[in-house]
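One structure, pasted below without further comment.
The values are calculated or read from the model by the stated rules, or taken from the named source; none is laboratory data. Given the structure is predicted, the values throughout are model-derived calculations rather than measurements. Here Cβ is always computed from backbone atoms with ideal geometry, including for glycine, and neighbour counts include all displayed protein chains.
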Amino acid sequence: MAAGPTGRCAPRGPTVIEDPDRRNAKGRQRHRGGPRKFSQSAPSKRARRGDPARLTAFRVLRAVALDDAYANLVLPTEIRRAKLDKRDAAFATELTYGTLRAQGTYDAILRQNVDRDLEKLDPAVLNALRLGTHQLLAMRVDDHAAVNETVALVRDQIGAGPSGLVNAVLRKVGARTLPEWVQQLGADLGELEALALRHAHPPWIVRALRQSLKLHGYPEQLVRLLEADNAAPDVHLVGLPTSDQHSGADALDAAVASGAVRSELIDGAAVYSGGDIGRLSGVRESVLRVQDIGSQWVARALAEPAVSPGEKWLDLCAGPGGKAALLASLAAEHGGHLTANEPAPHRAELVRKALAAVSTDSWSVRTGDGRSIGDLEESYDRIIVDAPCTGLGALRRRPESRWRRQPSDLAQLTVLQAELLDAAVEALTADGLLAYVTCSPHPAETLVQVEDALSRHPELELLDAYKPMEDLALPAGRELLRKRPTAPGITAARCVQLWPHIHGTDAMFFALFRKEAP
C-alpha cells in the first residue's frame, strides 16, 4: 500500500518571523520582549484543505452513503476528476476500498471513542472518521499525517465545528493497534461474532458462508474465504470471439504484451494488475472487456454442449450486458441468435452498448419484465437466468455490499428468483438447456432454489454442471474442478460453486437443467 500523499512529507515546523521594532501594521508598539514566533499550526494558519487523494476517497464514500452508488463505478470518475497521478490514485483506491471493506469493524471501534450514537453523527463526519481510522490502523501512514490531514479534510468539506471532535476521536483510536482493538472488542463475543468482527463481515453473512462451505464440502475453509473477500481483486479480462477486423483474441494478445497474464483456468481470459485498462488496445473497440473469469466460465459452459445452427438463445436478466456480449459472440459463431432481456430502460441501453461489437444479426434487446417473457410467444433452445441476488459472491469487488445488504433482502430476492426460473422453464424448448447462475453462494439463493425448481417442474432434469466446465477448462482449471468434494446431497454434487480462495474468481454458482420432451 502506498504511503499517503502527505504522509510522505515531513511535518511542518514553526515559521519564525523577526520583527525588530515590534510594531504592527497600524504602528502600535508591541511590548513583548524578543522576536515573536508565528506557528503555522496556529488556528489562523492551519491547513484547511484536504489533499486531493483523500478528498477523492471522501467523495466516493459520500456517493456510496447518500446515493447508494457502487464504489467501483464512482471511483474511476473521481480519480479522473482530481487528475491524480498513479501514486495518489493508488492511495485513494486503497483508502476508499479499505475503508468500505472494514466499515463494520471501524464503526465498532468508533463507538468506543465517540460520546454519542454513531447514527446521530452527521454522515459526512462519520465518513471522515472512518477514513481516518483506516489510515491509522491499516495503512502505512504516519499517525500525525493521518489525524491532521483528516482534520484538514473536515475543515475543508464540512466546517471548522466538527474538526475538534474528529481530532479528539482519532487520537483515541490511534492509541491502540487494530489487533488490540479487535481483541478488546471481541472478548465478550461468541466465536462467530468475533470472527465477523476480525474479518469485517456482518455475522449473518459469515453464518451463510459457513453453511455454504459445509454443504459443498469445505467446512474448514471459512477463514480462508473471509481473508480472500478482504483481498484486493485483480482485474479479469475477456476477449470477445468476434470475426471482424477488431478481434478479441488479438486484443487479448496485446493486453498480454502490456503485462496481463493469461488465465490458467480457461481460454480467452487474462488477469491484469497494470492499472488503467483504458490504455489497452481493444477496449475502445469493445472487443476487450472487464469480466470476472467465473462469469466468463459459466457463460461459456452454457454454450459448450453441441450447438445446432440457427439456435435461439435467451439471456433473461441481461443488464448491464457482460454475459450477454459473450453469449451473443458465441451464438454468432454458430449462426445463432441471442435475445437479451432487461426490464429497466436505462440498463437495456447499457446492454445495447455492450453488444455493439457483435454483429447485429446475432442479437436483439427486449425491454421488459423477465417474468413476462412468455408474452413473446417464443421458445428458446438455451436460456441463462443470471438472477438478481445479494451479490455475496463479489464482496471483493463491491465491498460496500456487505454492509448495505440485510437478511431481509433474501425474502424478496428469492421470490423473484423462483418466478424468473418458472418463466424460463415455460419459454424453454423441449430438450433445451437452462442455466441458473447467481453471484452468491447463499444456500437460499442457490441449492434451495434448484431443489424447489425441480420440485415445481418434474419435466426438468438436473445435469452435471461440472462436465461442460471441465470440457472447456485448461489443465489447471480441470484440476481444480476435479477436486470437487463428495457433497452430502446430490444437488450440491451436481452444481458448481466457485470460490475466491480456491479458484480466484467471484463465488459464482452454476446449475444446468435440461427440459425433457413430453
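Please specify each residue of region 197-233 satisfying the condition of being in contact (Cβ under 8 Å) with a residue 24 or more places away in the chain and in a loop (DSSP other than H, G, I, E, B).
Answer for region 197-233, where residues must be in contact (Cβ under 8 Å) with a residue 24 or more places away in the chain and in a loop (DSSP other than H, G, I, E, B): HIS199, ALA200, HIS201, PRO202, HIS216, GLY217, TYR218, GLN221, ASN230, ALA231, ALA232, PRO233.
Scan region 188-205 for residues that are aliphatic (A, V, I, L, M) and either more than 9 Å from GLY104 (Cβ to Cβ) or loosely packed, with under 15 Cβ neighbours inside 10 Å (or both) and jot them down. Let's see the steps before the verdict.
First, the residues of region 188-205 that are aliphatic (A, V, I, L, M): 189, 192, 194-197, 200, 205.
Matches in region 188-205: LEU189, LEU192, ALA194, LEU195, ILE205.
When the residues of region 140-149 are narrowed to those that are out of contact with any Leu (no Cβ under 6 Å at 6 or more places or on another chain) and buried (at least 19 other Cβ atoms within 10 Å of the Cβ), which ends up nearest to LEU66 (Cα to Cα)?
Checked region 140-149; the qualifying residue nearest to LEU66 (Cα to Cα) is GLU149.
With acidic (Asp, Glu), assigned to a helix (DSSP H, G or I), within 29 Å of the chain's Cα centre (by Cα) and not assigned by TED's automatic domain parsing to the domain that holds ARG111 as the only criterion, which of GLU149, GLU193 stands out? It would help to see each step written out before you state the result.
Values: GLU149 fails: not assigned by TED's automatic domain parsing to the domain that holds ARG111.
Answer to the selection: GLU193.
Please determine, by comparing only the residues of region 251-271 that are assigned to a strand (DSSP E or B) and of a type in the set (Val, Ile, Thr), which one is surrounded by the fewest Cβ atoms within 10 Å (Cβ to Cβ). Spell out the reasoning first.
Of region 251-271, the ones assigned to a strand (DSSP E or B) are 261-262, 266, 269-271.
This time we only want the ones that are of a type in the set (Val, Ile, Thr), so: 261, 266, 271.
Values: VAL261: 14, ILE266: 20, VAL271: 18.
Filtering region 251-271 for residues that are assigned to a strand (DSSP E or B) and of a type in the set (Val, Ile, Thr), the one surrounded by the fewest Cβ atoms within 10 Å (Cβ to Cβ) comes out as VAL261.
Another question, if that's okay. Please go through region 420-445 and give me each residue that is touching a Leu at 6+ places or on another chain (Cβ under 7 Å) and in a strand (DSSP E or B), ordered by number.
LEU428, LEU433, LEU434, ALA435, TYR436
Please work out which residue is farthest from ALA301 (Cα to Cα), limiting yourself to region 338-377 and to residues that are assigned to a strand (DSSP E or B) and touching a helix residue (DSSP H, G or I) at 6+ places or on another chain (Cβ under 6 Å).
Filtering region 338-377 for residues assigned to a strand (DSSP E or B) gives 338-342, 363-367.
With touching a helix residue (DSSP H, G or I) at 6+ places or on another chain (Cβ under 6 Å) added as a condition, the list becomes 338, 340-342, 363, 365, 367.
Details: LEU338: 16, ALA340: 18, ASN341: 20, GLU342: 22, TRP363: 19, VAL365: 22, THR367: 26 Å.
Checking each candidate, the answer is THR367.
Identify the residue in region 333-376 that is free of Cβ contacts under 8 Å to residues at least 12 places away in the same chain and within 26 Å of the chain's Cα centre (by Cα) and, among all such residues, is surrounded by the most Cβ atoms within 10 Å (Cβ to Cβ).
GLU349
Considering only residues of region 458-474 that are in contact (Cβ under 8 Å) with a residue 40 or more places away in the chain and farther than 13 Å from ARG494 by Cα, which is surrounded by the fewest Cβ atoms within 10 Å (Cβ to Cβ)?
ASP471
Would you pick out the residues in region 469-494 that are within 27 Å of the chain's Cα centre (by Cα) and either over 18 Å from GLN221 (Cβ atoms) or aromatic (Phe, Trp, Tyr) (or both)?
Once the filter is applied, which keeps residues that are within 27 Å of the chain's Cα centre (by Cα) and either over 18 Å from GLN221 (Cβ atoms) or aromatic (Phe, Trp, Tyr) (or both), region 469-494 yields MET469, GLU470, LEU472, ALA473, LEU474, ALA476, GLY477, ARG478.
Among the listed residues ARG171, ARG130, which satisfies the condition of being crowded, with 16+ Cβ neighbours inside 10 Å, of a type in the set (Lys, Arg) and either in contact with an Asp or Glu (Cβ under 9 Å, 6 or more places away or on another chain) or modelled with pLDDT of 95 or more (or both)? I'd like the intermediate steps shown before the answer.
Values: ARG171 fails: crowded, with 16+ Cβ neighbours inside 10 Å.
Step by step, each of ARG171, ARG130 is checked, and only ARG130 is crowded, with 16+ Cβ neighbours inside 10 Å, of a type in the set (Lys, Arg) and either in contact with an Asp or Glu (Cβ under 9 Å, 6 or more places away or on another chain) or modelled with pLDDT of 95 or more (or both).
Looking at TRP297 and the list (1) within 18 Å of GLY504 (Cβ to Cβ); (2) in contact with a Ser or Thr (Cβ under 9 Å, 6 or more places away or on another chain); (3) outside the structural domain of VAL351 (by TED's automatic domain parsing), which single condition is not satisfied?
It fails just one condition, (3).
Taking ASP292 as the residue in question, decide whether it is surrounded by 17 or more Cβ atoms within 10 Å (Cβ to Cβ), within 28 Å of the chain's Cα centre (by Cα) and under 15 Å from ALA435 (Cα atoms).
no
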